Amino acid sequence: MNVPTRMLGVATSIFWVLLIAFVALAAYSVKDLGIDFGEPEYSITSENELRLALPIYVDNRGYYSLKNLHLSTVFSDMEGYEISRSETIVPILPHGEISTILHNVTLDPFILLERGDQYLFYDNNINISFAAGLNFAELLPVEISANFTFPWSAPFYDFTVDDPSFEIRDFTHVTISAPISFENHAIFDIAGNLRIELYDNQNSLLSESQTVFFVPQNSAYEGNVEFVIPLTMLSSSAVQRGHFEVYFDMGVLQYGPLVIPYG
């Protein structure tokens, strides 16, 4: 009985030595794993969604193939609100090869714009959290993660309604005219309707006007909005100061009011 027992002990020891060596060799492969990110490429779909393609290069210089590569990307705004989540699964990355993985993410800009004026009127950033998990030699689970930002360009950057000018019509009505300007910094065209209400310094609604706009990407807009008001409604002291309330309507997205004082 002593000989078989000793042989079993030796076999067990050899098994553990081989297992430890196997694990150590797989762990050693970790330092021979190179991961690099390419420049993101984006395009606009027919539904005006932003499609982001993130190239990832995996150089497996180790001794074992990598299996079950799982990629996850989460887009969130600066307050942490989740906007989009995408996943990519790669069954195997052979050893001794450089593999290129294209991780595709689709982002609906209108979901982001619904979060408020910080993305409508100001260039900002979107937070991106990236995580990857895989198995070395079907034994060692390994995870990596990275956080970075993606620049967001506002469609109504520097939106301004300038101080109005006044023109008397036939001594019965006054035409109040105000210039409107902004820059579409976004990577997509914008179109819709602006409804603007005019208030005096007593917060009384004097009139409202609407204007239709279409602004291609990376273009500036300059327009004019007019209000026709009966003279009987006006007090020269009250109308010299007041505010505009602007409502934006782009079909699937409505925003307002944006309050802009004048005078």
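Quick note: the coordinates plus some simple rules give every number you see, no bench work behind them. Since we're looking at a predicted model, the values are computed, not measured. All Cβ positions, even for glycine, are placed from backbone atoms using ideal geometry, and neighbour counts span all protein chains on display.
Observations
- Once the Cα-Cα distance is subtracted from the 0.36 nm per residue extended length, the N68 to I89 segment shows a gain of 6.9 nm.
- With N the number of residues in the range 114-263, Rg(Cα) / (2.2 N^0.38 Å) evaluates to 1.54.
- Potential lengthening between E79 and D59 on full extension [0.36 nm per residue; Cα-Cα distance subtracted]: 3.7 nm
- Local net charge near N201, Cβ-Cβ under 15 Å (Lys/Arg +1, Asp/Glu -1): -3
- For P109, neighbours were defined as the other residues whose beta-carbon sits under 13 Å from its Cβ, and their charges (Lys and Arg +1, Asp and Glu -1) total -4.
- Tensor-based shape of the range 29-152 (alpha-carbon gyration tensor, a/c under 1.5 rounded, otherwise prolate or oblate): prolate
- Close amide-amide hydrogen proximity is noted between E49 and no other residue 5 or more places distant or on a separate chain, at a cut-off under 5 Å (H modeled in the peptide plane; Pro and chain starts excluded).
- For D123, residues with placed amide H under 5 Å, excluding near neighbours: A154
- Backbone amide hydrogens, once placed in the peptide plane, bring Y262 within less than 5 Å of G242, H243, F244, excluding anything fewer than 5 places away on its chain.
- Our estimate of slack between V212 and T45, defined as 0.36 nm per intervening residue step minus the Cα-Cα distance, is 57.7 nm.
- Within the shell of other residues whose beta carbon sits under 15 angstrom from the beta carbon of P261, the net charge comes to -4, with Lys and Arg scored +1 and Asp and Glu -1.
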